[in-house]
1. Computed FRET efficiency, Cβ-Cβ of LYS10 and TYR125, R0 35 Å: what is it to the nearest 0.05?
2. Using the heavy atoms of the protein chains alone and a 1.4 angstrom probe, what is the accessible area of the chain per residue in square angstrom?
3. I need the phi-derived Karplus couplings for region 11-25: 6.51 cos²θ - 1.76 cosθ + 1.60, θ = phi - 60°, integer Hz, Gly and Pro marked x.
4. Quick one: angle between helix 125-136 and the longest Cα principal axis of the chain, in degrees between 0 and 90, rounded to 10, please.
5. Taking the Cα centre of the chain as origin, work out the dipole magnitude from +1 charges on Lys and Arg Cβ and -1 charges on Asp and Glu Cβ, in debye rounded to 20.
6. For region 21-129, which trypsin sites (Lys or Arg not before Pro) are both in a DSSP coil and crowded by at most 14 other Cβ atoms within 10 Å?
7. Just to verify a number: what accessible area does ILE110 come out at with the full protein assembly present, 1.4 Å probe, Å² rounded to tens?
8. Grab the chain and count how many Lys pairs have their alpha-carbon atoms under 15 Å apart, sequence gap of 8 or more, or different chains.
Amino acid sequence: MNTKTLVKRKVLVRQAMVAAIYAVLTWMIPSLSYGPIQFRISEVMTLLAFFNPQYVVGLTVGCALSNIISSLGMIDIVVGTFATFCAVTAMSKIKNIWIASLMPAFSAFIIAAEIVIVTKEPAAYFAIAGQIFLSELIIVTGLGVVLFKMMMKNQRFNDLVMGRDIQRLGLVK
């Protein structure tokens, strides 16, 4: 097997693992993962996109998988996944972790619109958006940034997140 094929496989496996972990963490506590009040522990993982843009794929797929069991149905798979894609793509382009960590909170406005349209409660839009915004702020900015800053002190974890193990093969920057 040549080095280029090995790199592609490692990247694919890494994205599959991220997607699976995100989905499982979401499914573990469904009462907190879906609806107008969301405390998805899996959202901490969105910070991976800040450190390495490759994770945009795994996080987006993970969100799509996790939304399969959403009570909102197919619209949550499409709209919820789109919101995550927008947030993690923006995070991958921002250079400050604190500012990047706010992107999932801003996606709350997309999710709130989806919930209001599906449940037909337009008067509740700002309340739902506020609840989701606050929960994302707590999970990603409050918990996630602190957690990642601690974990990134571990060189092996840092190398894995940044993709340095794959970079050493010489084909990926």
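The values are calculated or read from the model by the stated rules, or taken from the named source; none is laboratory data. Since the model is a prediction, treat every value here as computed from it, not as a measurement. Virtual Cβ from ideal backbone geometry, glycine too; neighbours counted across all protein chains shown. Quick note on the areas: whole protein, heavy atoms, side chains included, nothing else; ligands and nucleic acids left out. Shrake-Rupley method; radii C 1.70, N 1.55, O 1.52, S 1.80 Å.
1. Computed FRET efficiency for LYS10 and TYR125: 0.20.
2. 52
3. 5, 4, 5, 4, 5, 5, 5, 4, 4, 5, 5, 4, 5, 5, 4
4. 30
5. 1000
6. LYS95, LYS120
7. So the heavy atoms of ILE110 present about 60 Å² to solvent.
8. Taking the Cα cut-off of 15 Å, the pair count is 4.
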